[in-house]
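Engineer: The structure is given below, and queries will be raised subsequently.
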Amino acid sequence: MPKLEVNKKAKPFRSLTVTLAIAFYVLVSVILLIIGLLFLFFIFQSYQQAISNEQHIIAQGAANTVKSFVQNKLNTLETASRFGKILVIPQEEQELVLEKLLGAEPAFRQLSLLNVEKQELAKTSRLSEIASGRLVDRLGTAFFSQVSQRKTYISSVYIDEITSEPMIIIAVPVADVFGTFKGALLAEANLKFMWDLVAGINVGRTGAAYVVDRQGELLAFKDVSRVLGRENLSSLKEVDEFVKGELSTHESTADISKGIQGNYVVANHAHLEEPDWAVVIELPVEEAYASLIQQIIISALAMISAIGIASLVVTLVLKRITRPIIRLRDAAVEIGKGRLDTKIDIETNDEIGELARTFNQMVATLKGFYKGLEDKVQERTRELEEARASLEIKVKARTRELQELTERQEETIEERTKEIKERMEELEKFHRLAVGRELKMVELKKEIKKIEGTSKRQSK
């Protein structure tokens, strides 16, 4: 059966200084880390709100700029439509009014005047007669129901096949002096001027601004080729929010998402309302949060410095705490070696100082106990020596008695042995005599039998 292991395996030595240092370092680091993270979280929240507000202002300003461009064209048409006699004056005068209007507004490419029967009364254009065509043919007749309700109309954007320029058709109702609907004034407007407006919007150093319609199609951007390509941006998060959302439910946030140039940006948008477009503002994340990143770096450096200072302070405090404990340990080792004169110098008047005084008292008491024990041991040793001497005398006397007894027993044994030998000799002699007698009796019996046999034969 295998022997059971009695002593457990000794645990490795672990320094109290190292243990306390690690505990303090971890505690200080965790506290500073929590405080730093909370600080950065609140800074991030406020910074994000500030970015959102700033972008909302920029987006709203850009939206107002684009909206004013379109609204200005509508106001120009409305001003001309308020000329009450425009429907009853001769066609030459109508065309003259339209030509003056066309000359006053460079963004207009064609103008057309319709009566209540949707007939074209007058028309003027910067294009040839063949290239211009009828504006109403581009719209169909569905727009007329909206204009007849005394509302302005704005068509969707289309690209001119000849000039490759973005165009829209706007229309305003024409009424008489009594406010009765009498027709509509149409204008084909070139949005290339809007491109210049959008390209001039500054969004930070590397940000971008662009205009999309309700279907998510790109209407204006600094990269004209993408506009001419009728690119749909509904896949972008900010554009998708505009396409699916409404102005009443729109919340201005600074969400991080993919931008029009494929990088991650902080985006926001603003509704134009009329037309139903939106201006989207994008600012690259690294530029938007540059100040925040700088603050994070500064905070991290401050946190590291604080941890370093705290570590230095903790080290000094631990040395002050553990130095007396180490002295106590060294003193205990010396006492363990039997050096009871060891004494600890008391430097502080605290718990450790009390421990040192108690330790010195314990050593003094232990020294007294040890001295008394030595005296008792010496006394006991003397008693044992005396007892040993007395025992030796008794042993010697008893030994002599045993030797004498042994000698007497040996003499008695020799005598008894001699007597036994004599008896044995006598018995052997007797045995020989007895055996001889028995042999003689046997021979006598044989002789008697022979005589008896002889007598019987003689009697016959």
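Engineer: Would a scan of the range 72-84 turn up a residue that is in a helix (DSSP H, G or I) and at pLDDT below 80?
Structural biologist: yes
Engineer: Let me ask you something else. Could you list all residues from the range 269-313 that are charged (D, E, K, R) and either out of contact with any helix residue (DSSP H, G or I) (no Cβ under 9 Å at 6 or more places or on another chain) or free of Cβ contacts under 8 Å to residues at least 12 places away in the same chain (or both)?
Structural biologist: Across the range 269-313, the qualifying residues are Asp276, Glu286, Glu287.
Engineer: Cβ-Cβ distance below 9 Å, separation of 6 or more or different chains: which pairs start in the range 176-189 with a residue that is closer than 27 Å to Phe69 by Cβ and crowded, with 24+ Cβ neighbours inside 10 Å and end on one that is modelled with pLDDT under 85 and aromatic (Phe, Trp, Tyr)?
Structural biologist: Within 9 Å, the pairs are Ala184/Phe143; Ala184/Phe144; Leu186/Phe143.
Engineer: Kindly list, by first and then second residue, each pair from a residue in the range 103-129 that is in the same structural domain as Ser145 (by TED's automatic domain parsing) and of a type outside the set (Ser, Thr, Tyr) to a residue that is assigned to a loop (DSSP other than H, G, I, E, B) and modelled with pLDDT under 85, limited to pairs with Cβ atoms under 6 Å and residues at least 6 apart or on different chains.
Structural biologist: Pairs found: Arg109/Arg126.
Engineer: Scanning for something closer than 30 Å to Gly216 by Cβ and exposed (fewer than 15 other Cβ atoms within 10 Å of the Cβ), does the range 101-111 turn up at least one residue?
Structural biologist: Within the range 101-111, one or more residues are closer than 30 Å to Gly216 by Cβ and exposed (fewer than 15 other Cβ atoms within 10 Å of the Cβ).
Engineer: Take the range 222-245 and flag every residue that is in contact with a helix residue (DSSP H, G or I) (Cβ under 9 Å, 6 or more places away or on another chain), free of Cβ contacts under 8 Å to residues at least 40 places away in the same chain and assigned to a helix (DSSP H, G or I).
Structural biologist: If the condition is that a residue be in contact with a helix residue (DSSP H, G or I) (Cβ under 9 Å, 6 or more places away or on another chain), free of Cβ contacts under 8 Å to residues at least 40 places away in the same chain and assigned to a helix (DSSP H, G or I), then Val224 is the only one that fits.
Engineer: From Ser68, Ser46, which residue is of a type in the set (Ser, Thr, Tyr), at pLDDT 80 or above and farther than 28 Å from Leu318 by Cα?
Structural biologist: When all the criteria are applied, what remains is Ser68.
Engineer: Mind checking which residues of the range 194-221 are surrounded by fewer than 15 Cβ atoms within 10 Å (Cβ to Cβ) and either touching a residue at least 24 places away in the same chain (Cβ under 8 Å) or in contact with a Leu (Cβ under 8 Å, 6 or more places away or on another chain) (or both)?
Structural biologist: Those that are surrounded by fewer than 15 Cβ atoms within 10 Å (Cβ to Cβ) and either touching a residue at least 24 places away in the same chain (Cβ under 8 Å) or in contact with a Leu (Cβ under 8 Å, 6 or more places away or on another chain) (or both): Arg205, Thr206, Arg214, Gln215.
The values are calculated or read from the model by the stated rules, or taken from the named source; none is laboratory data. Note that the coordinates shown come from a computational prediction; the quantities given were computed from them, not determined experimentally. No Cβ is skipped: glycine too gets one built from the backbone with ideal geometry, and neighbour counts run over all protein chains shown.
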